[in-house]
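Only one structure is covered here, and it is reproduced in the block below.
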Amino acid sequence: MVNDLATSVIDGYLDADSLPVPHALLVTGSWGSGKTYFLKNIYEPRRQKVAKEKRVHRDPFLFVSLFGVTSAAEAERRIYQAASPTEYAAGQMLGTAIDGVSGFLQMERASEGLQSYFAKKAARRHLDHVLVLDDLERVEKDALGEIMGLVDSFVSKDARRVILVCDEKKLKDIHEAADWDERNEKIVGRRVLIRPDIDSVLRVSTAAIEDVSVSKFIDGHRTDLTDLAIRSKTENLRNLSWAIHNAAVFVGPLFHDEDIPKSHVKRVLLVVVATTLWLRSGKIDAETLRNLSSLVWSSVLASSGISEKEPADPKVVASKKFRTTFADITIDSPPLNLGTIADFESSGVLQEVDFVKTIKEQFNFGEYSAPSWRRIWNSYNQPIEITESAIEDLAKELKERYYTDQGPILHAVGLAIKLRNANDTRLTAGDEIVPFFERYIDDIAASGDLEPASSDLFDSVLDAYGGLGYSSKDDPTFTTLSRHLEKRQSEMLKRKRAESAKALVQKAEAEGVGVLLKILNNQEELSRVPFLDEIDAERMATLLTKDADAVDVGARLLAYRYHQMRRDDPITREIPWAQSVYGLMLEQIGLWDDPYRTLALKHLTGLIGHYENQREPELRLIPPAEDSGPAKQG
């Protein structure tokens with residue numbers, strides 16, 4: 001096994017009747033290597049299983065995250081909460097009874113001393129646990145010494161077994177001033193290095209899939225999945241867990257459809273896992289993925305010397321590397337639209353019925369047949385009468401304004417150009433191509449049927465939608481119409497965003513600001529869609545500073561919505577707006593009377609600062625000069 005040595009060292013530490021020198025055990029490894037995963041999902045379950053078989057008792061693990069901890073007292077509170085959640089909740093209720101003010105005032109005033117007392121007592125009382133203190137490197141910079149003093153007290157005074165979990169290299173970088181090596185040589189007695197264990201993560205992640213039949217299907221291809229992870233050079237095992245989760249979402253509805261062959265389901269499984277691994281590791285971005293076919297073709301031209309010699313486009317390089325790495329799972333002709341994977345990775349939502357229908361239509365599974373434009377693209381390998389029928393069908397559909405989203409419209413444009421070059425103008429009823437399709441696009445936009453753009457970024461349009469398509473470099477007619485379509489889709493997107501923003505703020509003003517938090521739910525359509533910047537920043541700030549409860553909602557909205565965004569996340573467009581809202585909230589809270597002003601400011605800046613601590617400076621809401629503590633206002 002990958003971590004057999006680590007297992008034996010931890011066993012020796014925990015099973016010793018007494019330690020010759022009291023000390024803590026440090027479990028280290030690079031970020032995402034699976035340290036916590038190994039302890040929680042692999043080592044501890046196996047340890048308890050063996051203990052049960054031998055009919056002996058082993059103290060269970062108590063996992064406590066130290067992320068953002070500012071003091072030993074706060075660490076003790078977290079230990080207390082983890083060990084006795086019911087008792088901890090009762091203590092909070094008691095604090096509420098003592099002081100009936102709302103939200104953050106409860107903890108800041110009457111109940112804080114009471115809970116600190118309970119926490120200190122409880123942290124010493126729960127000796128029947130092995131303390132696993134996770135995210136040690138993530139404690140606040142000035143708190144590391146105090147936290148390690150608490151650990152020293154646990155192991156020396158209380159003779160407790162304590163496992164510390166962190167990326168020690170990162171800890172030394174972040175807490176350079178704390179002089180980690182000298183300060184903790186007497187506290188940390190042993191170190192255990194955890195290495196990425198791909199097989200164990202695959203096994204545990206697959207077993208966690210609720211649909212047993214889908215779980216068995218995916219587990220049956222574990223050898224192939226391991227190979228994909230190795231080829232992807234996967235070191236961050238969180239990405240692998242996410243890849244299996246994503247694969248289960250896509251595979252589930254296909255697996256249970258009798259018309260879809262299992263060979264196709266397997267291809268979907270492998271492509272989703274490979275794509276998710278590359279997306280999450282930053283080796284490929286969503287835009288490159290959506291335009292993979294055209295970018296791959298560009299790389300072929302460049303390598304053959306057909307195109308002019310220019311500096312390599314990073315997107316072309318990434319697409320070529322992705323294609324060659326996974327050539328054996330037919331990335332060039334994928335079993336699903338790769339853009340769908342990118343969309344799901346961004347939103348967490350898959351419309352299963354539509355997805356299955358699209359797959360069946362695209363690949364002629366069951367009673368479905370390919371749409372007319374796809375049948376024309378495939379005319380080279382089918383009887384003439386089928387192509388003739390498809391041309392008639394598509395001409396009728398264009399006349400009736402049947403297609404409303406980008407891909408099929410662009411396909412129809414490309415087909416019209418190809419047929420025109422063969423002296424066939426049936427698709428446009430004898431009309432010129434540009435005016436015909438401009439009228440088509442304008443008509444469905446005016447009726448509100450045109451699908452909005454999924455993003456405002458149209459640097460590279462979907463020339464090769466669904467793995468087929470027509471390159472905009474091939475004909476100026478296509479370029480003209482694709483730009484006209486982009487313009488109308490962008491207008492539709494702006495209109496849709498403005499309508500969503502208007503409806504949300506009106507609902508919040510009528511029903512209470514709590515409704516704003518609904519958009520934080522990943523199942524909500526607007527959870528990862530940028531639209532809040534359509535709301536006037538001053539109007540939002542006024543709404544979020546009506547009272548203490550409103551400030552709490554505002555703090556959570558601004559902290560949580562942008563917490564896990566990546567640099568290429570569409571909602572980064574909201575950051576300037578969120579920065580304005582934050583600044584205006586500070587100004588308006590600054591007009592409050594103390595103690596409410598000070599407490600509100602501390603809560604707002606503290607929560608946001610905690611969640612954006614590791615974010616790039618330009619994406620933070622709190623200016624760098626302020627993020628070391630609460631802003632001072634008034």
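The values are calculated or read from the model by the stated rules, or taken from the named source; none is laboratory data. Since this is a predicted model, take the numbers as computed values, not measurements. Methodologically, a virtual Cβ is constructed for each residue, glycine included, from the backbone with ideal geometry; neighbour enumeration extends over all protein chains shown. Only protein heavy atoms, including side chains, enter the accessible area calculation; ligands, DNA and RNA are left aside. Shrake-Rupley method; radii C 1.70, N 1.55, O 1.52, S 1.80 Å.
Worth pointing out:
- Residue in segment 359-366 that is basic (K, R), within 21 Å of P253 (Cβ to Cβ), in contact with a Phe, Trp or Tyr (Cβ under 8 Å, 6 or more places away or on another chain) and crowded, with 18+ Cβ neighbours inside 10 Å present: yes
- In the set (1) farther than 30 Å from L270 by Cβ; (2) out of contact with any Gly (no Cβ under 7 Å at 6 or more places or on another chain), the condition left unmet by A178 is number (2).
- Across segment 392-410, the qualifying residues are those that are more than 15 Å from F436 (Cβ to Cβ) and open to solvent by less than 50 Å² (accessible area, probe 1.4 Å), and the one among them that is modelled with the lowest pLDDT is G407.
- Scanning segment 519-536 turns up no residue that is open to solvent by 70 Å² or more (accessible area, probe 1.4 Å) and assigned to a helix (DSSP H, G or I).
- Among the residues making up segment 171-207, those that are among the acidic types (D, E) and either within 33 Å of the chain's Cα centre (by Cα) or at pLDDT 80 or above (or both) are D173, E176, D197, D199.
Conditions (1) over 19 Å from K170 (Cβ atoms); (2) in contact (Cβ under 8 Å) with a residue 24 or more places away in the chain, marked per residue:
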| site | (1), (2) |
| --- | --- |
| N3 | yes, yes |
| T7 | yes, yes |
| G32 | no, yes |
| T36 | no, yes |
| I42 | yes, yes |
| R55 | yes, no |
| R58 | yes, yes |
| F67 | no, yes |
| S71 | yes, yes |
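- Scope segment 343-360; condition among the β-branched types (V, I, T) and either more than 19 Å from I519 (Cβ to Cβ) or touching a Pro at 6+ places or on another chain (Cβ under 7 Å) (or both); matching residues: V353, V356, T358, I359
- Search result, residues across segment 30-41 that are buried (at least 20 other Cβ atoms within 10 Å of the Cβ) and modelled with pLDDT of 85 or more: K35, F38, L39
- The residues of segment 164-179 that are farther than 30 Å from R58 by Cα, open to solvent by 10 Å² or more (accessible area, probe 1.4 Å) and either part of a loop (DSSP other than H, G, I, E, B) or not aliphatic (A, V, I, L, M) (or both), listed by number, are K169, K170, K172, D173, E176, D179.
- Within segment 576-606, the set of residues being within 24 Å of the chain's Cα centre (by Cα) and surrounded by fewer than 19 Cβ atoms within 10 Å (Cβ to Cβ) comprises P576, W577, Q579, G606.
- Within segment 382-416, the set of residues being of a type in the set (A, V, I, L, M) and touching a Leu at 6+ places or on another chain (Cβ under 9 Å) comprises I391, L394, A395, L398, I409, L410, A412, V413, L415, A416.
- Scope segment 607-620; condition modelled with pLDDT under 90 and open to solvent by less than 30 Å² (accessible area, probe 1.4 Å); matching residues: G609, E612, R615, L619
- Filter result for the condition that a residue is surrounded by 16 or more Cβ atoms within 10 Å (Cβ to Cβ) and hydroxyl-bearing (S, T, Y), over S71, S18: S71
- Unmet criterion (only one of (1) open to solvent by 40 Å² or more (accessible area, probe 1.4 Å); (2) in contact with a strand residue (DSSP E or B) (Cβ under 9 Å, 6 or more places away or on another chain); (3) farther than 22 Å from P45 by Cβ) for R161: (3)
The rows are residues; the columns are (1) of a type in the set (A, V, I, L, M, F, W, C); (2) touching a Leu at 6+ places or on another chain (Cβ under 7 Å); (3) within 29 Å of E258 (Cα to Cα).
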site	(1), (2), (3)
C166	yes, yes, no
R190	no, yes, no
I198	yes, yes, no
L237	yes, no, no
